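Presented below is the structure to which this report refers.
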Amino acid sequence: MPRLQIIIASTRPGRVGLPVGRWFEGRARAHGGFDVEVVDLAELGLPFVDEPNHPRLRQYTQEHTKQWSAKVDAADAFAFVMPEYNYGFNAPLKNAIDFLHQEWQYKPVGFVSYGGISAGTRAVQMIKQVVTTLNMFALNEAVSIPFVAQFIDDEGEIDANETMEKAADALLAGLLRMSGALAGLRSE
Ligand SMILES: Cc1cc2nc3c(=O)[nH]c(=O)nc-3n(C[C@H](O)[C@H](O)[C@H](O)COP(=O)(O)O)c2cc1C
């Protein structure tokens, strides 16, 4: 089974990203087509990029970079669970992306974004130019959650509506399809 890595991008204490990520993880496991792994950037705790060489050379000097490289290398598809900060995507996600190069190539990425009225869509538009530079395939199918606070229940979990559930399933179907389609390019 292809490995889907769900990357929780927000590192803030009290972040909404964690319950959103947990909800999407549940949906991904129920889908059944992936070996699902959650990567929480807050837990990963990467520093600002501290490598002397361009990542395409893969001459990593830091243990945390080697571990991050191995993790991303093992993934076949990604879902970025991401907030919108100041009309853009958040800095820890950009930093985590910039650490690596080949590890991202020819892999599909889907976006589960959230925010206020924009549902994080401005952040998604912004990140598309970054991921396509790395030859990732950015799916058009997406989960876009507007006014995300309204979906948080008394236990602090996401109480999703039908629109969100259908969007998540469409995104997972797209990721599975593209992961298979791009597999040949990854093995070259
Ligand atoms: C620094 C900062 C900037 C924000 N900028 C935006 C924004 O541009 N658009 C938006 O819809 N929400 C914005 N918000 C509100 C966030 O969508 C909301 O706080 C959300 O919970 C952040 O995700 P997180 O809790 O997972 O970190 C911003 C929040 C923060 C902390």
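The values are calculated or read from the model by the stated rules, or taken from the named source; none is laboratory data. No experiment lies behind these values; they were computed from the predicted model shown. So basically every Cβ, Gly included, is an ideal-geometry build from the backbone, and we count neighbours across all protein chains shown. Surface areas here come from the heavy atoms of the whole protein model, side chains and all, with no ligands, DNA or RNA. Shrake-Rupley method; radii C 1.70, N 1.55, O 1.52, S 1.80 Å.
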### Among 151-158, 34-41, 170-177, the order from most to least packed when residues are scored by Cβ within 10 Å on average
170-177, 34-41, 151-158
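What is the sum of charges, Lys and Arg at +1 and Asp and Glu at -1, for the other residues whose Cβ falls under 12 Å from the Cβ of Gln59? Display every interim value, and only then the final one.
Details: positive: Arg56, Arg58, Lys66; negative: Glu51.
Charge balance near Gln59 sits at +2.
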### Task
Along Cα→Cβ, 7 Å out, is where each label goes; now give me the distance between the ones at Asp159 and Val130 in nm to one decimal.
3.3 nm
### Relative contact order computed over the stretch 14-128 (Cα-Cα under 8 Å; 6+ residues apart), in percent
27 percent
## Note on the structure
In the chain, helical segments from DSSP H whose Cα atoms cover 18 Å or more along their own axis and that average at least -1.0 on the Kyte-Doolittle scale are 17-31, 121-133, 162-187
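Using the crude model of +1 on Lys and Arg Cβ and -1 on Asp and Glu Cβ, and no other charge, please compute the dipole size for the stretch 1-135 relative to its Cα centre, in debye to 20. Write down the numbers at each step before the final one.
Values: 14 positive and 13 negative charges, 69 e Å.
Dipole about the Cα centre, nearest 20: 340 debye.
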## Note on the structure
Per its Cα gyration tensor (rounded if a/c is under 1.5, else prolate when a/b beats b/c, else oblate), the stretch 23-120 is best filed as oblate
### Task
Rank Pro55, Val16, Pro83 by how far each Cα sits towards the positive end of the charge dipole of the chain (+1 on Lys, Arg Cβ; -1 on Asp, Glu Cβ) and give me just the farthest.
Pro55
### Message
Counting only protein heavy atoms and a 1.4 Å probe, tell me what percentage of the chain's accessible area is made up of carbon and sulfur.
### Response
51 percent
### Task
Can you tell me which of 117-129, 69-81 comes out highest on packing, and rank the rest after it, using the mean Cβ neighbours within 10 Å?
69-81, 117-129
### Gain upon complete extension [Asn95, Glu63; 0.36 nm per residue less C-alpha separation]
9.9 nm
#### Entry: Per residue, in Å², the accessible surface of the stretch 56-158 once ligands and nucleic acids are set aside, probe 1.4 Å
45 Å²
